[in-house]
Amino acid sequence: MKATVGKITPGGRLVIPASHRRALGLKTGDEVLLRVVDGELRILSQSEAVKRAQAMVKRHVKRGRSLVDELLRERRAEARRE
């Protein structure tokens, strides 16, 4: 996507152009993650952040293993002990 010049308004607000919001799938009221990396401001939608986190975890979990099932078993065992 082509770079666009933006302007910081009073209160530190930055308007994200509509084309960039569409490209990121952002809508009014959405929360985003902001990071400064190597002098750049990076904006990440929460849905993209979740996808990336899931991909990172998936690389470390063997096929056929369900972390959800394991967590449920652990919680049920804890509940029985109480």
Rel. contact order, % - alpha carbon contacts under 8 angstrom, at least six apart, the chain: 13
Net charge contributed by nearby residues that have their C-beta within less than 13 Å of Arg80 (K/R +1, D/E -1): +1
Mean ellipticity per residue at 222 nm, deg cm²/dmol - from DSSP H runs of n ≥ 4 across the chain, formula -39500 (n - 2.57): -13000 deg cm²/dmol
Residues of type lysines that Lys62 reaches as a straight line, Cα spacing below 22 Å, ignoring anything fewer than 8 places off in the same chain: Lys51
Eligible aspartates and glutamates near Lys7 by straight Cα distance, threshold 19 Å, same-chain separation 8 or greater: Glu40
Angle between the chain longest axis and helix 67-81 axis [Cα atoms, degrees, rounded to 10]: 50
From the coordinates shown, Cα extents along the principal axes in Å corresponds to which of (i) 48, 29, 19; (ii) 37, 36, 20; (iii) 58, 30, 25: (iii)
The chain: angle of helix 46-58 to the longest principal axis, Cα-based, in degrees nearest 10: 40
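Every number here is computed from the coordinates shown, using simple stated rules; none is lab data. Not measured: the values here are computed from a predicted model. Note that we place each Cβ from the backbone using ideal geometry, even for glycine, and neighbour counts take in every protein chain shown.
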